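This report concerns only the one structure given below.
The values are calculated or read from the model by the stated rules, or taken from the named source; none is laboratory data. Everything quoted here is computed from the prediction, not taken from an experiment. As a convention, Cβ positions derive from the backbone with ideal geometry for all residues, glycine included, and neighbour counts pool all protein chains shown. Ligands, DNA and RNA are stripped out before the accessible areas are found, and what is left, the full protein with its side chains, is counted by its heavy atoms. Shrake-Rupley method; radii C 1.70, N 1.55, O 1.52, S 1.80 Å.
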Amino acid sequence: REALLADVNRQRFAIDLRGHKPLHFGAVAALVVAPLSLVFFNFVENLSVPAKLLFDLVVGGPVLNVGFVAALGLLRGQSLESIVATVSSVDQFWVALVLASNKVWLPAKVFMYGFLPARYWGLWCAVVSFVWGIILAVIVV
């Protein structure tokens with residue numbers, strides 16, 4: 001009975017949030033992506049620009065994309081199995097989302113690491129995330 005009530009409450013929460021894509025993306029960006037980014041920035045701050053970019057492409061970007069998709073799925077009431085299936089999909093996740101993400105983030109990070117002082121990285125990423133979030137909210141069903 002408790003499991004049934006929990007499932008009903010989870011579905012009610014998911015239904016209440018449907019149709020609010022910008023809210024979903026904003027909440028995930030603020031509560032998941034921003035804190036992970038700050039930890040990442042502290043880690044790469046003293047690396048060379050090429051090392052920062054390489055590490056960002058190989059580790060940072062994929063980790064942030066997985067975190068973003070997982071948090072968004074949880075917010076929408078998806079099951080853990082569904083989220084794992086999404087992030088395990090080579091075509092839809094690793095090729096489509098990660099490559100599309102790099103079309104926006106790679107130039108943004110080249111500019112950021114090459115020309116901005118580290119104290120402005122969070123602000124720069126917040127602006128780019130805002131634009132990227134709008135793009136995702138429009139194109140994601």
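Which one is surrounded by the fewest Cβ atoms within 10 Å (Cβ to Cβ) among residues in segment 123-133 that are among the aliphatic types (A, V, I, L, M) and touching a residue at least 12 places away in the same chain (Cβ under 8 Å)? Write out each step before concluding.
Initially, segment 123-133 is screened for residues among the aliphatic types (A, V, I, L, M), giving 123, 126-128, 131.
If we keep only those that are touching a residue at least 12 places away in the same chain (Cβ under 8 Å) too, we end up with 126, 128, 131.
On the way: Ala126: 14, Val128: 17, Val131: 11.
It comes out as Val131.
Please verify whether segment 91-99 includes one or more residues that are open to solvent by less than 70 Å² (accessible area, probe 1.4 Å) and outside any helix (DSSP H, G or I).
No, every residue in segment 91-99 fails to be open to solvent by less than 70 Å² (accessible area, probe 1.4 Å) and outside any helix (DSSP H, G or I).
Looking at the structure I just gave you, is Ser82 open to solvent by less than 50 Å² (accessible area, probe 1.4 Å) and touching a residue at least 24 places away in the same chain (Cβ under 8 Å)?
No; evaluated as a whole, the condition is false for this residue.
Looking only at segment 68-78, count every residue that is outside any helix (DSSP H, G or I) and either at pLDDT 85 or above or open to solvent by less than 30 Å² (accessible area, probe 1.4 Å) (or both) and tell me the total.
The qualifying residues number 2.
Out of segment 6-50, which residues are at pLDDT 85 or above and assigned to a helix (DSSP H, G or I)?
Val39, Phe40, Phe41, Asn42, Phe43, Val44, Val49, Pro50
Can you tell me which of Tyr113, Tyr120 is more than 18 Å from His24 (Cβ to Cβ), among the aromatic types (Phe, Trp, Tyr) and buried (at least 17 other Cβ atoms within 10 Å of the Cβ)?
Tyr113
Are there any pairs, at least 6 apart or on different chains, whose C-beta atoms fall under 6 Å, with the first in segment 26-50 and within 13 Å of Arg119 (Cα to Cα) and open to solvent by 60 Å² or more (accessible area, probe 1.4 Å) and the second assigned to a helix (DSSP H, G or I) and at pLDDT 85 or above, and if so, which?
Correct list of pairs: Glu45/Ala118.
List pairs: first residue in segment 63-78 and of a type in the set (Phe, Trp, Tyr), second residue open to solvent by 20 Å² or more (accessible area, probe 1.4 Å) anywhere in the structure, Cβ distance under 8 angstrom, at least six positions apart or on different chains.
That search, which allows pairs on different chains as well, returns Phe68/Ala29; Phe68/Val32; Phe68/Val33.
Just to verify a result, which residue in segment 100-110, among those that are surrounded by fewer than 16 Cβ atoms within 10 Å (Cβ to Cβ), under 16 Å from Phe55 (Cα atoms) and aliphatic (A, V, I, L, M), is modelled with the highest pLDDT?
Val110
Here's the yes/no breakdown for (1) in a helix (DSSP H, G or I); (2) β-branched (Val, Ile, Thr); (3) touching a Lys or Arg at 6+ places or on another chain (Cβ under 8 Å):
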position	(1), (2), (3)
Lys52	yes, no, yes
Leu57	yes, no, no
Val66	yes, yes, no
Val84	yes, yes, no
Val87	yes, yes, no
Trp105	yes, no, no
Val110	yes, yes, no
Tyr120	yes, no, no
Phe130	yes, no, no
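Test each condition in (1) within 28 Å of Trp124 (Cα to Cα); (2) at pLDDT 80 or above for Thr86 and report the one that comes out false.
The one condition Thr86 does not meet is (1).
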